[in-house]
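Beneath this line is the structure, given in structure tokens, with notes to follow.
Just so it is clear, none of the values below were taken in a lab; they were calculated from the coordinates. Remember, it's a predicted structure, so these values are computed and weren't measured experimentally. Cβ atoms come from the backbone with ideal geometry, glycine included; neighbour counts cover every protein chain shown.
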Amino acid sequence: MAAADDQIRVSDRVKQLLDRRRREGESYNDVLERILDEESNRDLLAGFGRWSNEHANRVRERHEGQKAESKERMRRLEEDE
């Protein structure tokens, strides 16, 4: 990588945050590249699908039951009108 002569200005707070994340031997550029790479590779679906099949089935069944109850209430309300 060619060295750039450009400089960027950061606040003292940002510099402190970079210093905390900086690993031994890393330049500020290295820290920023690593952080930006981590952000771009973040799996947006991580955390989904964590329920066991049993728990997911219970939730699904309860949801279906509530939908059926709601439809029945609506049907009774229509009859009363």
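Descriptive notes on the structure:
- If the segment from Leu17 to Glu64 were pulled out straight at 0.36 nm per residue, it would be longer than the present Cα-Cα gap by 12.1 nm.
- Extension gain from Arg76 to Glu38, taking 0.36 nm per residue of separation minus the Cα-Cα distance: 8.2 nm
- Options (1) -0.36, -0.88; (2) -0.27, -0.93; (3) -0.61, -1.05 - which one matches log10 I(q)/I(0) by the Debye sum over Cα atoms at q = 0.11, 0.21 Å⁻¹ as calculated here: (3)
- Among 20-33, 48-61, the peptide with the highest mean count of other Cβ atoms within 10 Å heads the list, and the full ranking is 20-33, 48-61.
- Charged neighbours of Val59, selected by a Cβ distance under 15 Å, balance to +2 (K, R count +1; D, E count -1).
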